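Encoded as structure tokens, the structure appears first; notes follow it.
The values are calculated or read from the model by the stated rules, or taken from the named source; none is laboratory data. Keep in mind the model is a prediction, meaning the values are calculated, not measured. A quick note on method: Cβ atoms are made from the backbone with ideal geometry, for glycine too, and the neighbour counts reach across all protein chains shown.
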Amino acid sequence: MTVTKPRARDLGIPFEGRPGPLNAITDVAGVEVGYSTIVKGDGALDRGKGPVRTGVTAILPRGTASKDPVFASWYSLNGNGEMTGTAWIDESGFLEGPVMITNTHSVGVVRDAVIEWQVRHDALYQPFALPVVAETYDGWLNDVDGFHVKAEHAFAALDGATSGPIAEGNVGGGTGMATFEFKGGTGTASRQIFPREHGGYTVGVLVQSNFGRRFQLQVAGVPVGRELTDDAPWTQGRDEYNDSGSIIVVVATDAPLLPHQLRRLVKRVSLGIARTGGLAMNGSGDIFIAFSTANPGVADPEQPIRAVSMVSNEWIDPLLASTMLATEEAIINAMVAAETMTGVDGHTLVAIPHGPLQEVLRKYNRLALPGGPGD
């Protein structure tokens, strides 16, 4: 997957922590990501016909070739949203297939498509499937009630999943999403845990970002949203605490963590969102899932007793911090990569302007040149 757009670090934003080589969730070995993006039609809403600005994202913990479950946990910061399959994750401690993300009214079709795909590919761990499918709402730009996502789009995201660099912004399930009243969407980032006595592990994050009002936005601690107030479609720069947006976050790590430890990890996503200014208000669906690719084969049903490894709680702090920091950067990466998009009834979400963003950071003495502090 060719990625040529500038990313947040390319603009000189001074993030904390050391990213992996790709600064993506795919820095965790084995993780594959695929997209299906649907953009068609313009003008007035004609339900069932468009305009369409939506898609599907697929994250496969061990890639398309494996049906080996991974230890997992999930967390809801505010639950005005959906992530299917979580009851069994709570009960078993395992994620038994991909994580899919789409728009709010397409969860059902994507869930059913995952089951069909798993059956076709002999990828069921149990005789039955309980897929994990999450959503955010894209109805400002997309004919969300037109049900344009079909099984074929979920299949395309799964079949096209790959390791390596992955696209960000207006792709996959993030195609029609907004963040802080700028264009948002899909973003990713990673952190490597050094030195070696801390494990040498990686934490990777992928977000589908669709939350926030303009005045809330903070970038590297700078109140950017109070400086860049133009073209905010809903609050026009006013301080209105009525955020009804959502964010789905997927956290992957190769550190050997058990489900109760992954629960601790996934909660730290909330702190990363807060660092960008997110508030998790009543209308928000902020739901996160974390998994570990360590301990392969531990779910082997032919082995009644299995030995597992785990990071000691006394050494878990770098992983917790990395989750927070990677989440923060993934959200800003989604915004930096996104492009201005016009959809239903001429509604427009503008991309965050790179030059003015850099000027605001410079004003607050927070602009770092590439290769400088924070890089």
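On the basis of being of a type in the set (Gly, Ala, Ser) and in a strand (DSSP E or B), does Gly55 make the cut?
Details: of a type in the set (Gly, Ala, Ser): yes; in a strand (DSSP E or B): yes.
It is true that Gly55 is of a type in the set (Gly, Ala, Ser) and in a strand (DSSP E or B).
Screening Gly297, Gly277, Gly272, Gly283 for residues that are farther than 27 Å from Met335 by Cα, of a type in the set (Gly, Ala, Ser) and touching a residue at least 24 places away in the same chain (Cβ under 8 Å) leaves exactly one candidate, Gly297.
With respect to Leu257, is the statement that it is outside any strand (DSSP E or B) and surrounded by 24 or more Cβ atoms within 10 Å (Cβ to Cβ) true? In short, yes.
For (1) assigned to a loop (DSSP other than H, G, I, E, B); (2) touching a Phe, Trp or Tyr at 6+ places or on another chain (Cβ under 9 Å), each residue gets a yes or a no:
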site: Arg264; (1), (2): no, no
site: Ile273; (1), (2): no, yes
site: Ala280; (1), (2): yes, yes
site: Gly297; (1), (2): yes, no
site: Asp300; (1), (2): yes, no
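Here the range 152-175 is the region considered, the condition is being in contact with a Gly (Cβ under 8 Å, 6 or more places away or on another chain) and of a type in the set (Asp, Glu), and the residue that is surrounded by the fewest Cβ atoms within 10 Å (Cβ to Cβ) is Asp159. When Val149, Val107 are checked against the criterion of being part of a helix (DSSP H, G or I) and surrounded by 19 or more Cβ atoms within 10 Å (Cβ to Cβ), a single residue qualifies: Val107.
For beta carbons closer than 6 Å, sequence separation of 6+ or different chains, a first residue in the range 153-177 that is at positive phi and a second that is at pLDDT 95 or above and assigned to a loop (DSSP other than H, G, I, E, B), the qualifying pairs are Gly169/Ala338.
Does Ser190 satisfy the criteria of being among the hydroxyl-bearing types (Ser, Thr, Tyr), crowded, with 17+ Cβ neighbours inside 10 Å and either modelled with pLDDT of 95 or more or closer than 30 Å to His354 by Cα (or both)? Walk me through how you get there before you give the answer.
Working: among the hydroxyl-bearing types (Ser, Thr, Tyr): yes; crowded, with 17+ Cβ neighbours inside 10 Å: yes; either modelled with pLDDT of 95 or more or closer than 30 Å to His354 by Cα (or both): yes.
Against the criterion (among the hydroxyl-bearing types (Ser, Thr, Tyr), crowded, with 17+ Cβ neighbours inside 10 Å and either modelled with pLDDT of 95 or more or closer than 30 Å to His354 by Cα (or both)), Ser190 qualifies.
Tell me, please, whether a residue that is surrounded by 12 or more Cβ atoms within 10 Å (Cβ to Cβ), part of a loop (DSSP other than H, G, I, E, B), modelled with pLDDT under 95 and not acidic (Asp, Glu) can be found in the range 354-369. Yes; the residues of the range 354-369 include at least one that is surrounded by 12 or more Cβ atoms within 10 Å (Cβ to Cβ), part of a loop (DSSP other than H, G, I, E, B), modelled with pLDDT under 95 and not acidic (Asp, Glu).
When Val144, Val119 are screened for being in contact (Cβ under 8 Å) with a residue 60 or more places away in the chain and of a type outside the set (D, E, K, R), only Val144 passes.
If you go through the range 312-324 and keep only what is in contact (Cβ under 8 Å) with a residue 12 or more places away in the chain and either closer than 30 Å to Leu124 by Cβ or not in a loop (DSSP other than H, G, I, E, B) (or both), you end up with Asn313, Trp315, Pro318, Leu319, Leu320, Ala321, Ser322, Thr323, Met324. Among the residues of the range 15-26, are any surrounded by fewer than 22 Cβ atoms within 10 Å (Cβ to Cβ), out of contact with any helix residue (DSSP H, G or I) (no Cβ under 8 Å at 6 or more places or on another chain) and either within 19 Å of Leu265 (Cβ to Cβ) or modelled with pLDDT of 95 or more (or both)? Yes, the range 15-26 has at least one match. Of the residues making up the range 93-103, at least one is within 17 Å of Arg62 (Cβ to Cβ), surrounded by fewer than 21 Cβ atoms within 10 Å (Cβ to Cβ) and more than 20 Å from the chain's Cα centre (by Cα). Per the listing Val266, Val350, the residue uniquely buried (at least 20 other Cβ atoms within 10 Å of the Cβ), of a type outside the set (Ser, Thr, Tyr) and either at positive phi or in contact (Cβ under 8 Å) with a residue 12 or more places away in the chain (or both) is Val266. Restricting the range 133-161 to residues that are more than 16 Å from the chain's Cα centre (by Cα) and of a type in the set (Val, Ile, Thr), which is nearest to Leu22 (Cα to Cα)? Result: Val149.
Residues are listed down the side, and each one gets a yes or a no for (1) touching a residue at least 60 places away in the same chain (Cβ under 8 Å); (2) over 19 Å from Phe155 (Cβ atoms); (3) surrounded by fewer than 24 Cβ atoms within 10 Å (Cβ to Cβ):
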{"site": "Ala29", "(1), (2), (3)": "yes, yes, yes"}
{"site": "Val39", "(1), (2), (3)": "yes, no, yes"}
{"site": "Gly48", "(1), (2), (3)": "yes, yes, yes"}
{"site": "Gly55", "(1), (2), (3)": "yes, no, no"}
{"site": "Gly63", "(1), (2), (3)": "yes, no, yes"}
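Based on this model, can you work out whether Glu339 counts as surrounded by 15 or more Cβ atoms within 10 Å (Cβ to Cβ), charged (D, E, K, R), farther than 30 Å from Ala87 by Cβ and under 21 Å from the mean Cα position of the chain (by Cα)? So Glu339 does not fit the description; no.
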